[in-house]
4 protein chains.
Amino acid sequence: MSSAFVPANPDFESVVRASFGMQGLMRAIGARLVTVTPGRVVIEVPFSETVSQQHGHFHGGVVGAIGDNSGGYAALSLLPAGSEVLTVEYKVNFIRPASGSLLSAEGLVVRAGRTLIATRMDVSVVGAKGVEVCGILQATMMRVDAPPV
Amino acid sequence: MSSAFVPANPDFESVVRASFGMQGLMRAIGARLVTVTPGRVVIEVPFSETVSQQHGHFHGGVVGAIGDNSGGYAALSLLPAGSEVLTVEYKVNFIRPASGSLLSAEGLVVRAGRTLIATRMDVSVVGAKGVEVCGILQATMMRVDAPPV
Amino acid sequence: MSSAFVPANPDFESVVRASFGMQGLMRAIGARLVTVTPGRVVIEVPFSETVSQQHGHFHGGVVGAIGDNSGGYAALSLLPAGSEVLTVEYKVNFIRPASGSLLSAEGLVVRAGRTLIATRMDVSVVGAKGVEVCGILQATMMRVDAPPV
Amino acid sequence: MSSAFVPANPDFESVVRASFGMQGLMRAIGARLVTVTPGRVVIEVPFSETVSQQHGHFHGGVVGAIGDNSGGYAALSLLPAGSEVLTVEYKVNFIRPASGSLLSAEGLVVRAGRTLIATRMDVSVVGAKGVEVCGILQATMMRVDAPPV
């Protein structure tokens, strides 16, 4: 789906990694930026008490947060230098319990317009039954100018 | 909107508080369960580096997480003893930057069916301009039997 | 919610009515533009075989269509002359059967940015139990320049 | 995605076709049920004035309606005899103008639970640039008992 995308900024990976590195929430939940390719980003979080809900599964808020982020950074990977991405909105369906040792979100750009970028994301959990998709997302991202440094 | 709701379980508040207290994520981000009334729940998070994104605002993942939780617990407040709530899905629109010292999510039940409960949530931020809504959510919650202790 | 809005175009009502009048789908389903005030639009559809699903209720597609349209025109009512509105995305929850003689969608602007406008809509049905909300929606609208005539 | 699904009712296709045939809205907009396989349904609508918006494109309400329906019937194709499907909620992103001669919605089941079924749908338009996806949807469907005849 994302294979046809040509990044507008050859330094897209360092732009994405720099932004991710400044997100306190990602650090607090132990998230890692695993893959950054044009139009496709993968983010992982190992299980810990910090990311749990009341039954010891991953909290849905973590599924949403890394799902959203994987889509936002997939969008950013395609944008010209000096751009940032805001999430306009996202929607998530929780289709299986997020029970396991590792949570992995794959964000894909579906359509990159000049201002708005449509994305879909799958969040999978590595658990007793192998790798299973536990959350599916759809989102709108928006390009904005990066604030001056 | 929620004023007409009659809780099926007189101990609804302690059920909600016990579940909230077991969520590692809520503890990790410093969330507090402020209000628990029938069909209406308020959750707050003070700003900290833990809940930040790259510009020092609240991370959208936190807006989503406490928004979702406030709706889920609003649903749980109306259910009979022995029930739990799963989030089937939610959708969030980010309508202003979540920039300020405190984030507050108000979850309201719109319609409580036997199995599915429809909810709407507003997430507000206390910032330089006073209190402003920064995120609006709509969600489907599902009643399930609580697992045996 | 919409009472504070000041329209940028004093002729907002005629702009909205002209656009609505050009929608073949609205004519085909018998939709009427009932109310056009700044940031708030109401659209109604009487029941007919044309708008039915398999049990003789209003089809969910009609709930979505007039819900979406009521929000889009609520957004358009606030925009400067020469603007049009596109729906970026919407989400609808069907919370009761849409069973009755009349369907009514009320679209409200929640937040009007320069480019994007956030809206919420309630769709109600007039049936045996009186007026009941059967669908709730949340949407993102986008301002674009109207094409030259 | 849907290839692994085994239908619970060998007569699934006639169940789906019978339900579709009773929808007045589908008849009114000229929709055809093109493909019914386990977990996958395709619905098409040729362009006409009936399905138009103000610029002569397909109305977004039609994109939503046939997208929703293709997912609902994809879900129904997997359910035991005596079942019906309700749409709990759906979300649609409009990612390109729906401009062309034919609109085609493909609904796929992503996860079929006992009560709830998660679906994704793509709506494409056949236009001057060939076949292009113009709408992407994500939805929750619910199994209910069919009412006695």
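Do the conditions hold for C:Gly30, that is, is it at the interface with another protein chain (Cβ under 9 Å from one of its Cβ atoms) and not acidic (Asp, Glu)? Give the derivation first.
On the way: at the interface with another protein chain (Cβ under 9 Å from one of its Cβ atoms): no; not acidic (Asp, Glu): yes.
For C:Gly30, the condition - at the interface with another protein chain (Cβ under 9 Å from one of its Cβ atoms) and not acidic (Asp, Glu) - is not met.
Conditions tested, residue by residue: (1) hydrophobic (A, V, I, L, M, F, W, C); (2) within 21 Å of B:Lys91 (Cα to Cα).
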position: D:Asn69; (1), (2): no, yes
position: D:Phe94; (1), (2): yes, yes
position: D:Leu103; (1), (2): yes, no
position: D:Thr119; (1), (2): no, yes
position: D:Asp122; (1), (2): no, yes
Quiz item: On the given criteria, is B:Thr115 touching a Gly at 6+ places or on another chain (Cβ under 6 Å) and not hydrophobic (A, V, I, L, M, F, W, C)?
Solution: no
Exercise. Test each condition in (1) facing chain C (nearest Cβ under 9 Å); (2) surrounded by 15 or more Cβ atoms within 10 Å (Cβ to Cβ) for D:Val85 and report the one that comes out false.
Key: (1)
Practice problem: Take D:Ser70 and decide whether it is of a type in the set (S, T, N, Q), closer than 30 Å to A:Met141 by Cβ and out of contact with any helix residue (DSSP H, G or I) (no Cβ under 6 Å at 6 or more places or on another chain). | Solution: yes
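Look at A:Gly24 and say whether it is on the phi > 0 side of the Ramachandran plot, among the small types (Gly, Ala, Ser) and out of contact with any Phe, Trp or Tyr (no Cβ under 8 Å at 6 or more places or on another chain). I'd like the intermediate steps shown before the answer.
Details: on the phi > 0 side of the Ramachandran plot: no; among the small types (Gly, Ala, Ser): yes; out of contact with any Phe, Trp or Tyr (no Cβ under 8 Å at 6 or more places or on another chain): yes.
No, not satisfied.
Inspect segment B:128-136 for any residue being closer than 19 Å to C:Gly135 by Cα, out of contact with any His (no Cβ under 7 Å at 6 or more places or on another chain) and not hydroxyl-bearing (Ser, Thr, Tyr) and give the result as yes or no. Don't jump to the end; show me each part of the working.
Residues of segment B:128-136 closer than 19 Å to C:Gly135 by Cα: B:136.
With the extra rule that they be out of contact with any His (no Cβ under 7 Å at 6 or more places or on another chain), the set shrinks to B:136.
If we keep only those that are not hydroxyl-bearing (Ser, Thr, Tyr) too, we end up with B:136.
Yes, because at least one residue in segment B:128-136 is closer than 19 Å to C:Gly135 by Cα, out of contact with any His (no Cβ under 7 Å at 6 or more places or on another chain) and not hydroxyl-bearing (Ser, Thr, Tyr).
Just wondering, is there one or more residues in segment D:90-99 that are more than 13 Å from chain C (Cβ to nearest Cβ), of a type in the set (Gly, Ala, Ser) and out of contact with any Ser or Thr (no Cβ under 6 Å at 6 or more places or on another chain)? Full working, then the answer.
Taking segment D:90-99 first, the residues more than 13 Å from chain C (Cβ to nearest Cβ) are none.
Looking for residues that are more than 13 Å from chain C (Cβ to nearest Cβ), of a type in the set (Gly, Ala, Ser) and out of contact with any Ser or Thr (no Cβ under 6 Å at 6 or more places or on another chain), one finds none in segment D:90-99, hence no.
Yes or no: segment B:34-43 includes at least one residue that is surrounded by 24 or more Cβ atoms within 10 Å (Cβ to Cβ), under 14 Å from the mean Cα position of the chain (by Cα), modelled with pLDDT of 95 or more and closer than 21 Å to B:Arg143 by Cβ. Explain how you work it out, then say what you get.
Going residue by residue through segment B:34-43, those that are surrounded by 24 or more Cβ atoms within 10 Å (Cβ to Cβ) are B:41, B:43.
Keeping just the survivors that are under 14 Å from the mean Cα position of the chain (by Cα) gives B:41, B:43.
Then drop every residue that is not modelled with pLDDT of 95 or more, which leaves B:41, B:43.
Still in the running and closer than 21 Å to B:Arg143 by Cβ: B:41, B:43.
Checking segment B:34-43: at least one residue is surrounded by 24 or more Cβ atoms within 10 Å (Cβ to Cβ), under 14 Å from the mean Cα position of the chain (by Cα), modelled with pLDDT of 95 or more and closer than 21 Å to B:Arg143 by Cβ.
Which one of C:Gly64, C:Gly72, C:Gly30, C:Gly24 is of a type outside the set (Phe, Trp, Tyr) and farther than 21 Å from C:Ser14 by Cα?
Details: C:Gly72 fails: farther than 21 Å from C:Ser14 by Cα; C:Gly30 fails: farther than 21 Å from C:Ser14 by Cα; C:Gly24 fails: farther than 21 Å from C:Ser14 by Cα.
From the options C:Gly64, C:Gly72, C:Gly30, C:Gly24, the qualifying one is C:Gly64.
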Quiz item: Taking segment D:133-149 only, how many residues are outside any loop (DSSP other than H, G, I, E, B) and either at the interface with chain A (Cβ under 9 Å from one of its Cβ atoms) or among the hydrophobic types (A, V, I, L, M, F, W, C) (or both)?
Solution: 10
Quiz item: Which residue, of B:Ala105, B:Ala118, is in contact with a strand residue (DSSP E or B) (Cβ under 7 Å, 6 or more places away or on another chain), part of a strand (DSSP E or B) and within 14 Å of chain A (Cβ to nearest Cβ)?
Solution: B:Ala105
Quiz prompt | Subset of segment D:121-132 (residues that are of a type outside the set (A, V, I, L, M, F, W, C) and outside any strand (DSSP E or B)) | solution = D:Lys129
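What strands (runs of 3 or more DSSP E) lie completely within segment A:1-100 and have 1 or more residues being in contact (Cβ under 8 Å) with a residue 12 or more places away in the chain and in contact with a Gly (Cβ under 7 Å, 6 or more places away or on another chain)?
Details: elements: A:32-37, A:40-46, A:83-94.
Strands (runs of 3 or more DSSP E) meeting the threshold: A:40-46, A:83-94.
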Practice problem: Could you please find all residues in segment D:91-144 being surrounded by fewer than 17 Cβ atoms within 10 Å (Cβ to Cβ), modelled with pLDDT under 95 and either more than 21 Å from D:Gly39 (Cβ to Cβ) or under 15 Å from the mean Cα position of the chain (by Cα) (or both)? | Solution: D:Ala128, D:Lys129
Quiz item: Picking from B:Ala4, B:Ala65, B:Ala28, B:Ala18, which residue would you name as being among the aliphatic types (A, V, I, L, M) and surrounded by 24 or more Cβ atoms within 10 Å (Cβ to Cβ)?
Solution: B:Ala65
Quiz item: Restricting the search to segment C:34-62, which residues are away from chain D (no Cβ under 13 Å) and at negative phi?
Solution: C:Val34, C:Thr35, C:Val36, C:Thr37, C:Pro38, C:Arg40, C:Val41, C:Val42, C:Glu44, C:Pro46
Quiz item: Just one of the numbered conditions (1) more than 9 Å from chain B (Cβ to nearest Cβ); (2) touching a strand residue (DSSP E or B) at 6+ places or on another chain (Cβ under 7 Å); (3) not hydrophobic (A, V, I, L, M, F, W, C) is not true of A:Gly24; which one?
Solution: (1)
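The values are calculated or read from the model by the stated rules, or taken from the named source; none is laboratory data. Computed from a predicted model, the values in this text were never measured in an experiment. Methodologically, a virtual Cβ is constructed for each residue, glycine included, from the backbone with ideal geometry; neighbour enumeration extends over all protein chains shown.
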